[in-house]
């Protein structure tokens, strides 16, 4: 794991049709005025990349996934599933993500990251939202490392808050964890990301619902630049 400073700063938009999620974001991200938070559809966001919570097979048959497939066309699912097949042997683990060209001018990319293994799975008692959010930002790091400047802006929805049945406040706090991790560190791979998050959030169910947790790097693997 290495300390990373994003240059230039990534423009991050949090947008959702759920008023409760939007209100929870505003509380959780109160100390981050750089984050744009609004109530609305991700389809209206003119950014470089959209992040879509998906399932491990990349089947875009429900929730935000389905809306994005209708908007971008059926080819987007084929591209997502091809990337999952080529890089993850057909099953994308929670805590991983793929970034594919959208086939459109806006957004240029779609980042798919699973909050669940199967469609409409209840993930309210899991760490999946933090894992998915962190993985989405890791995918941005990866894309911008391969092609600097590819993604300068991104829009995300309330991960797991709809079909995953994650309470709005929990969703917001876990997404805050993923965002702060993105600001502070870049992981070498998704396995390291998952291991770090699970080790430090494993007892989160005993914490107050409103508590936000900032991930610290394991000292033995972190290096500062």
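If you go through the stretch 162-175 and keep only what is surrounded by 24 or more Cβ atoms within 10 Å (Cβ to Cβ) and either closer than 18 Å to residue 60 by Cβ or within 11 Å of the chain's Cα centre (by Cα) (or both), you end up with 174, 175.
If you go through the stretch 53-82 and keep only what is surrounded by fewer than 21 Cβ atoms within 10 Å (Cβ to Cβ), more than 21 Å from residue 15 (Cβ to Cβ) and either within 17 Å of the chain's Cα centre (by Cα) or touching a residue at least 40 places away in the same chain (Cβ under 8 Å) (or both), you end up with 56, 57, 59, 61.
Would it be correct to say that residue 12 is closer than 16 Å to residue 137 by Cα, surrounded by 19 or more Cβ atoms within 10 Å (Cβ to Cβ) and either touching a strand residue (DSSP E or B) at 6+ places or on another chain (Cβ under 7 Å) or modelled with pLDDT of 95 or more (or both)? Don't jump to the end; show me each part of the working.
On the way: closer than 16 Å to residue 137 by Cα: yes; surrounded by 19 or more Cβ atoms within 10 Å (Cβ to Cβ): yes; either touching a strand residue (DSSP E or B) at 6+ places or on another chain (Cβ under 7 Å) or modelled with pLDDT of 95 or more (or both): yes.
When the stated conditions are applied, residue 12 passes them.
For the stretch 33-52, how many residues are touching a residue at least 40 places away in the same chain (Cβ under 8 Å) and loosely packed, with under 14 Cβ neighbours inside 10 Å? Residues meeting the conditions: 1. Residue 158: buried (at least 19 other Cβ atoms within 10 Å of the Cβ), in contact with a helix residue (DSSP H, G or I) (Cβ under 9 Å, 6 or more places away or on another chain) and either part of a helix (DSSP H, G or I) or modelled with pLDDT of 75 or more (or both), yes or no? So residue 158 fits the description; yes. Here residue 127 clears all of (1) over 16 Å from the mean Cα position of the chain (by Cα); (2) within 20 Å of residue 21 (Cβ to Cβ) except the condition numbered (1).
The single condition among (1) closer than 24 Å to residue 44 by Cα; (2) part of a helix (DSSP H, G or I) that residue 145 does not satisfy is (1).
For residue 128, are the conditions met, namely being at pLDDT 75 or above and in contact with a strand residue (DSSP E or B) (Cβ under 6 Å, 6 or more places away or on another chain)?
Taking the combined requirement at face value, the residue satisfies it.
Please verify whether the stretch 18-28 includes one or more residues that are touching a strand residue (DSSP E or B) at 6+ places or on another chain (Cβ under 7 Å) and closer than 21 Å to residue 88 by Cβ. So far as the stretch 18-28 goes, no, none of its residues is touching a strand residue (DSSP E or B) at 6+ places or on another chain (Cβ under 7 Å) and closer than 21 Å to residue 88 by Cβ. Is at least one residue of the stretch 119-128 in contact (Cβ under 8 Å) with a residue 12 or more places away in the chain and in a helix (DSSP H, G or I)? Yes, the stretch 119-128 has at least one match.
Here is a yes/no grid of residues against (1) in a strand (DSSP E or B); (2) more than 20 Å from residue 13 (Cα to Cα); (3) modelled with pLDDT of 90 or more; (4) out of contact with any strand residue (DSSP E or B) (no Cβ under 7 Å at 6 or more places or on another chain):
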residue: 135; (1), (2), (3), (4): no, no, yes, no
residue: 140; (1), (2), (3), (4): no, no, yes, no
residue: 154; (1), (2), (3), (4): yes, no, yes, no
residue: 164; (1), (2), (3), (4): no, yes, no, no
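Yes or no, residue by residue, for (1) on the phi < 0 side of the Ramachandran plot; (2) assigned to a helix (DSSP H, G or I); (3) at pLDDT below 75; (4) surrounded by fewer than 21 Cβ atoms within 10 Å (Cβ to Cβ):
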residue	(1), (2), (3), (4)
188	yes, no, no, yes
191	yes, yes, no, yes
195	yes, yes, no, yes
198	yes, yes, no, yes
215	yes, no, yes, yes
218	yes, no, yes, yes
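The values are calculated or read from the model by the stated rules, or taken from the named source; none is laboratory data. The model shown is predicted, which means the values in this text are computed figures rather than measured ones. As a convention, Cβ positions derive from the backbone with ideal geometry for all residues, glycine included, and neighbour counts pool all protein chains shown.
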